[in-house]
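Some notes on the structure that comes next.
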Amino acid sequence: MKDSRHTQAPLWIGVAIAFYAFIAIGIAEAGLGVLLPSIVSTYELSSATVTLLFISQISGYILAAFTSSLVSNRLGLARMLLIAAVALTMALVIYATSPYWLLMVAAGTVLGLGIGLIDAGINTYIVQDSRSANLIGSLHGFYGIGAFCGPTIATTLLVLGLNWRQIYWVLAGIVSLLIVSVLGVIMSRYTPMTQQVSTSNATAIKNLGRSLQSPVVLLTGLLLLVYVGVEASIGSWAYTVQFVGRQTPRLIAGYSVSAYWLGLTVGRFILGYFLQRLGAVRTISMSLTLVIIGLLAWWQLPHQWISLPLIGFGLAAIFPATIWLIPQRLPETLVPAAVSFATSIASFGAALIPTGAGWAASWASLEIIPILMLPLTLLIVGLHCWLVQHSVTDN
């Protein structure tokens with residue numbers, strides 16, 4: 001009876017929630033980039049001290065990295081997503097209301113936990129379900145939609161006269177809809193998301209331990225960590241580089257960041273075409289070439305507008321295509337733990353690398369940020385080449 005209910009459960013419900021969850025984390029992460037100068041002004045911070053907001057997220061990401069597969073195994077995906085959605089919404093509300101800078105910093109830990117749990121849980125859910133595994137590109141495309149909407153909403157509301165705290169109330173309201181949808185899934189007992197995995201906790205811990213002994217898992221996690229760091233650094237600092245560093249008008253600077261996320265979104269929605277035509281490995285290689293070209297243009301030609309959307313388009317395929325390759329590079333029993341660990345630890349890059357970029361900018365200038373992204377992209381190239389040479393895959 002249980003198996004029959006599982007096969008009869010409509011696929012679109014789980015997919016729709018997965019897509020909206022990624023829109024939510026995209027909005028939560030990308031909206032910060034446009035609001036960062038306002039936060040700096042309110043609390044009288046520098047480019048270095050504002051990076052505490054990124055650093056505080058690290059503990060949340062680490063906790064998610066090592067517990068997401070265990071929590072999902074114990075509670076089921078839906079309950080884990082409910083915890084994550086509440087944490088994410090609560091963090092944004094604290095951002096909107098906190099009178100103290102250190103309280104806002106502390107809320108970053110809660111934000112990191114929410115994002116890490118959603119990222120790991122949804123990626124594992126999509127990759128493992130044979131009915132929806134081909135939707136991995138679209139899933140990350142919906143992150144791009146959220147990441148596009150975040151700075152677009154923030155820029156528009158800033159121009160209309162709202163302050164950054166009021167904007168965070170708006171973003172929190174949008175993200176809170178995820179809580180409602182997940183509660184609906186739990187109450188209706190939607191089997192694909194509410195059933196608990198039959199694997200015991202001891203087996204889950206053993207599989208996590210085995211996956212962490214694999215160089216493929218560790219280097220995949222490192223590749224995704226650096227990738228997420230580059231993506232987040234550009235999304236978080238591009239507006240400040242353009243508006244503060246290069247004196248670009250506010251509206252143009254804000255919408256250029258939106259164009260960056262739009263390029264990423266378009267690239268992810270057409271990812272399936274390139275995976276089918278070129279395979280995952282060649283798609284990633286081509287994407288990295290575009291990223292390097294775009295970064296050189298952003299650095300050397302500061303007043304053109306095409307580089308940011310080109311970088312976004314180039315970055316689009318790297319994360320989902322790498323995740324898509326994991327089941328082909330590892331034994332089936334290790335895939336859930338490997339995906340959960342790699343995606344959660346990758347979120348660590350969203351705190352670590354933007355923080356480093358902020359410190360470098362305070363020491364040198366904002367113009368150092370486009371330069372720093374180049375060696376990091378070359379590191380991704382090196383890790384990608386190693387994984388291709390040491391993994392058995394036809395893609």
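Surface listing: 109, 191 arranged by accessible area from highest to lowest gives 109, 191, probe 1.4 Å. Derived scalar couplings between HN and Hα for segment 108-124 equal x, 4, 5, 4, x, 5, x, 5, x, 5, 5, 4, 5, x, 6, 4, 5 Hz in order, rounded to whole Hz, by the Karplus curve 6.51 cos²θ - 1.76 cosθ + 1.60 (θ = phi - 60°), x for Gly and Pro. Spin-label model, residue 187/residue 162: points 7 Å from Cα along the beta carbon direction are separated by 2.7 nm.
For a label point 7 Å from the Cα of residue 379 along Cα→C-beta, name the residues of segment 225-243 whose backbone N is under 20 Å from it. Residues 225-238 fall inside that zone.
Distances between placed amide hydrogens fall under 5 Å for residue 76 paired with 197, all partners being 5 or more residues away or on another chain.
With N counted as the residues of the chain, its alpha-carbon radius of gyration over 2.2 N^0.38 Å works out to 0.93. Take the chain with all the other protein chains still there, run a 1.4 Å probe, and you get 39 Å² of accessible area per residue. For segment 234-239, the Karplus equation 6.51 cos²θ - 1.76 cosθ + 1.60, evaluated at θ = phi - 60°, returns couplings of 5, x, 7, 10, 4, 4 Hz by residue, with Gly and Pro reported as x. Of the residues 190, 168, 260, which exhibits the maximal mean-square fluctuation in a Gaussian network model of the chain defined by a 10 Å Cα contact cut-off? Among 190, 168, 260, the largest mean-square fluctuation in the Gaussian network model of the chain belongs to 190.
Other residues whose C-beta falls under 14 angstrom from the C-beta of residue 112 contribute a net charge of -2, scoring Lys and Arg +1 and Asp and Glu -1.
Ligands, DNA and RNA left out, the 1.4 Å accessible surface of the chain is 68% carbon and sulfur atoms. Across segment 35-44, coupling constants 3J(HN,Hα) worked out from phi with the 6.51/-1.76/1.60 Karplus curve, θ = phi - 60°, read 8, 4, x, 5, 5, 4, 5, 4, 9, 6 Hz, and Gly and Pro carry x.
The values are calculated or read from the model by the stated rules, or taken from the named source; none is laboratory data. Computed from a predicted model, the values in this text were never measured in an experiment. Reconstructed Cβ throughout: ideal geometry from the backbone, glycine too, with neighbour counts over all protein chains shown. Areas reflect the complete protein model, heavy atoms only, side chains present, ligands, DNA and RNA absent. Shrake-Rupley method; radii C 1.70, N 1.55, O 1.52, S 1.80 Å.
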